[in-house]
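The values are calculated or read from the model by the stated rules, or taken from the named source; none is laboratory data. It should be emphasised that the depicted structure is a prediction, and the values quoted were computed from it without experimental measurement. Quick reminder, even Gly has a Cβ in these numbers, built from the backbone with ideal geometry, and neighbours come from all protein chains shown. Surface areas here come from the heavy atoms of the whole protein model, side chains and all, with no ligands, DNA or RNA. Shrake-Rupley method; radii C 1.70, N 1.55, O 1.52, S 1.80 Å.
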Amino acid sequence: MKCVKSRPGNASAVRVLLDGTPAPTCGFCCEAWNGLRRPSCWAAFLLFSACTLHTGAASPFYSVAELDGTWWLVTPSGGEFFSLGVNCVGAGQTLPPEPDKPQYAYARFYDSLDAWADDATRRLRVWNFNTIGGWSDPHATRRGLPDTPVLHLGVSSGVHWGDLFSEDVEREVDRLAREMVLPRASDPDVLGWFSDNELGWYPETMFLSYLSAPPANQTRQRLVALLKERYGNTWEALAQGFAATGADSFATLEKGGVLHLRTGGSGRETVHAFAEVVASRYYQLMHDAIRRYDPNHLILGDRYNGHYPLAVARAAGPFVDVVSTNASFADTKDGAMFPFFLKTLNHLTGKPVLMSEYYAAAMENQSGNRNSSTDMFAALQTQTERIALTERTLRDLASLPFVVGAHWFQYFDEPPGGRSDGEDFNFGLVDIENRPYEGLVRVMAELQGRLPDIHRASPAGYAHAQSAEVHVPGSPANPFLGLHTWNKTDGYIAYTSETAFGDLYVCRDDSYLYLGLRADDYMDASIYADKTIPAEDFMTLRFGLGETLKPVTLRFAMGNAATCDNPAVRFRHEDRGLRQIVIAGIPIALIPEARDAADASLRLRAEAIGYARYMRTAWDSLLTLARP
């Protein structure tokens, strides 16, 4: 049995191993202690003692721990805790209501803010939520549910578009941390701190931004130093990866100049290396400022916007206790998690993952939301579909052993006329008239009551999902409509590389075998002199099936049409910016192993390559095909 416990600020977790000892419920051995009444439990007592000795006395604050392959948040009393939160538990409009701009306003339903907060937190408990999420009204905190403040330390200090290495930025981060963190440093109701929200880690954009900064900018100086180091202080070597404008040597580049990527060169790896330098500085600044005033509470990361460069996630690991990300369902309407996204995040950081925002919206709603302000969020048609998406999302998250919580966005519907930035979505648990979405909260209450048990059993199911053999499911009527129509549970192909930037799925009908790739990578085309991604630098999916089909290559990129080198293969490319979806239909007639037998097995070998050639995801799986 393995018990791993980590207190905030620890560089590494402590591991205690006792073969044959029954696993106690987390809390680190509280049940083992109770079991001392039974003579057979002295081994458990030794385990309890070991955990106590290695992790210190009981803490009044939340921590994180891994027990038998499952990560948990741990309560101050030592219990397992899967954080089920709600963001923006707010009172709504506090000014006198405007009849022509209907929106949620507590004063229409309650006599005071305290009365509103009492009722809102009562509702959340009834619905089996246990955490107050980000941007919530202070009146909703300290009412028996831990909260997770968003500090905005970086964005308020000019990070990461300012001079991240300057003393001025460091002083401002320190001032803000002292102002916001210190007053609650000993507050047991704080679960942990988010340093920021959705900063937007886009390596090429950062690279160009800092190159255009004044020569005195210390972050720009770090960039030039990195370029010298990577290219051996040889301008000719740098020129193989970049074309320079306004500079013809490192000496002149120190004073100014711009670099653009050369087609097919290795420059993008350098761009990502610089992103890692910037990210390491950011995460260390945030960590050190928070820890200076609060050694107690968890650092929960900066809530990625549904995307993270691999280099940035790798930089975060040493400086956070939990890594957080917001979900994006714009490319799927079934609520399914894409496993690579959270699995790779956990692998790169070595830390458990908190889904800091997930949501569901429907055109059918009680507030009159049109869900029209952006195509960044998927809007379903009915509340029934909204409930199904929410249920699927929660189950998927709880079934991942390295996920420690999921926070819903948000308490009430956005104004049907749009909030200040125009966003007008049906995100609420309640509508603008304070009426709950009864079907939604009923299902969430029932499921959330069972999520700890689902999470506790997650290692076994997760291991099964990583099998190298796939029994290919039948396809939907039209698989090219999108991956949301596919059976992604049975058709998931586990990747064999250490990390991944995409997931691959399979299905079939009588005539075709279909492969569907969802891949995440971002390229700012401005990094090229003509602001166009050249075909040689497109993302690539290359696959082979069986022993006789010649490998097939598809190329695709943001803002560009996809191509395939086999005219017999049908394909569809869905360009959603940093999220790319490619569906390929391979005629069964081209695959003798599948064509000539009622039941057949064939080897699939595939590789996806990102814009940066170091980003590679590999698959090697045995596909078992039965007649659909």
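Numbers for the structure displayed
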read-out: Taking the C-alpha atoms of region 421-489, convex hull volume expressed per residue in Å³; value: 208 Å³
read-out: For region 159-235, convex hull of alpha carbons as volume per residue, Å³; value: 125 Å³
read-out: Surface/4 estimate of mean projected area, convex hull on alpha-carbon atoms of region 289-359, nm²; value: 5.2 nm²
read-out: Separation of the Trp161 and Asp510 label points, Cα + 7 Å toward Cβ, nm; value: 5.7 nm
read-out: Cα centroid separation, region 260-328 to region 62-119 (Å); value: 27 Å
read-out: Reduced Cα scattering model of region 181-286, Debye log10 I(q)/I(0), q = 0.11, 0.12, 0.16 Å⁻¹; value: -0.42, -0.48, -0.71
read-out: Computed over region 512-563, Kirkwood Rh from alpha-carbon pairs, angstrom; value: 12.9 Å
read-out: Carbon/sulfur fraction of accessible area - the chain, other protein chains in place, 1.4 Å, %; value: 52 percent
read-out: Distance in nm between pseudo-label sites at Asp490 and Ala457 (7 Å out along the Cβ direction from Cα); value: 2.0 nm
read-out: Neighbour-limited loop hits for trypsin sites (Lys or Arg not before Pro), region 457-548 (at most 12 other Cβ within 10 Å; DSSP other than H, G, I, E, B); value: Lys531
read-out: Volume per residue of the C-alpha convex hull in region 339-417, rounded to whole Å³; value: 105 Å³
read-out: Value in Å of the Kirkwood radius, where the chain supplies the Cα pairs that are averaged; value: 26.4 Å
read-out: Calculated log₁₀ intensity ratio I(q)/I(0) where the Debye formula runs over C-alpha points of region 564-626, q = 0.18, 0.27 Å⁻¹; value: -0.88, -1.23
read-out: Label-to-label distance, nm, for residues given as Ser186 and Ala237 (7 Å Cα→Cβ offset); value: 5.5 nm
read-out: Relative intensity, log₁₀ I(q)/I(0), of region 99-257 from a Debye sum that treats every alpha carbon as a point, q = 0.08, 0.11, 0.19, 0.20 Å⁻¹; value: -0.45, -0.67, -1.16, -1.22
read-out: Karplus (6.51, -1.76, 1.60) ³J(HN,Hα), θ = phi - 60°, over region 258-269, in Hz, Gly and Pro reported as x; value: 10, 10, 10, 5, 8, 4, x, x, 9, x, 5, 4
read-out: Hz values of 3J(HN,Hα) by residue in region 160-168 - Karplus curve (6.51, -1.76, 1.60), Gly and Pro given as x; value: 9, 9, x, 9, 5, 9, 7, 5, 4
read-out: Sorted peptide list for 236-242, 418-424, criterion being average Cβ within 10 angstrom, highest first; value: 236-242, 418-424
read-out: Percent of Cα pairs exceeding the 21 Å cut-off, where the set is region 487-584; value: 37 percent
read-out: Cα-based Rg / Dmax (Å) for region 113-174; value: 16.9, 48
read-out: Kirkwood Rh and Cα Rg combined as Rg over Rh, evaluated for region 209-259; value: 0.92
read-out: Principal axis dimensions, region 269-314 - Cα atoms, whole angstrom, descending; value: 37, 21, 12
read-out: In sequence order, calculated HN-Hα J values of region 506-511 (Karplus, 6.51, -1.76, 1.60; Hz; x Gly/Pro); value: 9, 7, 7, 10, 5, 10
read-out: Global geometry of region 60-134, whether rounded, prolate or oblate, following the gyration tensor of its Cα atoms and the 1.5 cut on a/c; value: prolate
read-out: Amide N proximity, region 443-483 versus Ser601 label position 7 Å along Cα-to-Cβ, cut-off under 20 Å; value: 464-474
read-out: Amide proton proximity set for Tyr528, modelled H, under 5 Å, gap of 5+; value: Leu261
read-out: For region 423-571, projected area of the alpha-carbon convex hull averaged over all directions, nm²; value: 14.5 nm²
read-out: Kirkwood hydrodynamic radius (C-alpha pairs) into Stokes-Einstein, region 367-454, 37 °C and 0.692 mPa s, D in µm²/s; value: 234 µm²/s
read-out: For region 55-183: rounded, prolate or oblate by the Cα gyration tensor [a/c cutoff 1.5]; value: oblate
read-out: 20 °C / 1.002 mPa s Stokes-Einstein diffusion coefficient of region 393-441, Kirkwood radius on C-alpha pairs, µm²/s; value: 172 µm²/s
read-out: Residue-normalised accessible area of region 218-376, given per residue in Å² at a 1.4 Å probe; value: 34 Å²
read-out: Candidate aspartates and glutamates - alpha carbon under 12 Å from Lys550, same-chain residues fewer than 8 apart omitted; value: Asp565
read-out: Kirkwood Rh in Å, taken over region 459-509 so that all alpha-carbon pairs contribute; value: 11.9 Å
read-out: The chain - mean residue ellipticity at 222 nm from DSSP helices (-39,500 (n - 2.57) per run, n ≥ 4, rounded to 500); value: -8500 deg cm²/dmol
read-out: Rounded to 5, percent antiparallel among DSSP beta bridges of the chain; value: 70 percent
